[in-house]
Each structure stands twice: as C-alpha cells, then as structure tokens.
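Q: Below are the structure tokens for one structure; questions will follow.
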Amino acid sequence: MISKINLAEKFAKLDAHWSPRVVGALDDAYLAKIAKLKGSFTWHQHDHEDELFLVISGQLIIELEDQKLTLGPGEMVVIPAGVMHNPIAEEECHVLVFEKKSTAHTGSKTLAATKSLDDQLRPI
C-alpha cells in the first residue's frame, strides 16, 4: 500500500538535533531524511556522494572552505562529493536531506555524534 508522509507530523516526533531519520527511499539508491538542526555540527565531507539540503523551516548556514551559504525555507543546495562543509543552525531549523544509502552521517569522520544507518532507519 502506498501512503502519504506528513512531514510536519514527522518533525514533531523528532526528539534530538543532528539525528536524521529516514522518511522515504527513491529506487535502491537514495534516501529522504528529515532532521532538526540547532548549533554547529562538524566539518566533514562525503568522499563519493553528493548531499542535497532543502530547508523546510528556519535558517541553515552551510560553511564551505571558500564561502558561506545561508538558506531559508524553500531554498536548497547540493553539496558535491568531496567538498568539506559544516552545517550550522543558530536557531532550530528543519531540513529534508537527500543522499545515497551509502552516505555516512559524518562522512569520512566517526564522532560521538555519528548516527549509523540503522539508527536513522528507526521508525518515527
């Protein structure tokens, strides 16, 4: 059975910042994740995967090595594979992220904040 996904309801159930949760999959390669962000995350890169951030509410700053992007609701950016970036949300921000199933949460770094794919796949 195909069912709709209410993003507002899913965001309301998230209980932690920087802890993305999968809300859908596209084919066998891409995941749609939602996350509540607040504060600064960590500088990281995904060596082999692009990452798309779409801001649903709030404001997201993406620091890059040579520039800083500020995104508001309805704005998105694709961070190409291999590009160092640091997401920052000064106030709580809700984002929809699209990435390959192989994309590690913190890229090539493993930190205390790193969430496994199993953790991200937990039902919400």
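Since every read-out is calculated from the coordinates, none of them should be taken as a lab result. All values reported here derive from a predicted model rather than from experimental measurement. All Cβ positions, even for glycine, are placed from backbone atoms using ideal geometry, and neighbour counts span all protein chains on display.
Q: Starting at the first residue of region 73-81, write each ³J(HN,Hα) from the Karplus equation 6.51 cos²θ - 1.76 cosθ + 1.60 with θ = phi - 60°, in whole Hz, x for Gly and Pro.
A: With coefficients 6.51, -1.76 and 1.60, one gets x, x, 9, 9, 8, 10, 9, x, 3 Hz.
Q: Counting helices only, and only those DSSP H runs with n ≥ 4, report the 222 nm mean residue ellipticity of the chain as the sum of -39,500 (n - 2.57) divided by its residues, in deg cm²/dmol to the nearest 500.
A: -2000 deg cm²/dmol
Q: Pull up the cross-link candidates among the aspartates and glutamates for Lys38, meaning alpha carbon to alpha carbon under 17 Å and not fewer than 8 places away within one chain.
A: Asp15, Glu63, Glu90, Glu91, Glu92
Q: To the nearest 0.05, what FRET efficiency results for Ala8 and Asp119 with a Förster distance of 30 Å applied to their C-beta separation?
A: Details: r = 23 Å, r/R0 = 0.75.
FRET efficiency, Ala8 to Asp119: 0.85.
Q: Give the long-range amide H neighbours of Ala32: residues separated by 5 or more places, or on another chain, with amide H under 5 Å away, using H modelled in the peptide plane at 1.01 Å from N.
A: Here the answer is Val23, Gly24, Ala25, Leu26, since their amide H atoms fall under 5 Å of that of Ala32.
Q: Sticking with this one: Quick check for you: which residues of region 30-45 have the amide N under 12 Å from the point 7 Å beyond the Cα of Ser102 toward its beta carbon?
A: Of the residues in region 30-45, 30 have backbone N under 12 Å from the label point off Ser102.
Q: Sticking with this structure for a sec: Would you grab the residues whose amide H sits under 5 Å from the one on Val83? Only those 5+ places off in sequence or on another chain, please, with H modelled 1.01 Å from N.
A: HN-HN under 5 Å from Val83: His46.
Q: Just going by the charge dipole of the chain, with Lys and Arg at +1 and Asp and Glu at -1 on Cβ, which of Pro87, Ile124, Phe41 is farthest out on the positive end?
A: Looking along the dipole axis, the top candidate is Ile124.
Q: I would also like to ask the following. I'd like the distance separating the alpha-carbon centroids of region 9-40 and region 64-89, in whole Å.
A: Going from one Cα centre to the other spans 17 Å.
Q: List the pairs from Lys4/Lys101; Lys13/Lys115; Lys10/Lys33; Lys10/Lys36; Lys36/Lys115 whose alpha-carbon separation is above 19 Å, in the order I gave them.
A: Details: Lys4/Lys101 21 Å; Lys13/Lys115 17 Å; Lys10/Lys33 10 Å; Lys10/Lys36 11 Å; Lys36/Lys115 14 Å.
Violating the 19 Å limit, Cα to Cα: Lys4/Lys101.
Q: Right, here's the next one. Skipping prolines and chain starts, which residues have an amide H placed within reach, meaning under 5 Å, of the one on Glu90, given they are 5 or more residues away or on another chain?
A: Hits under the 5 Å cutoff: Gly39, Ile61.
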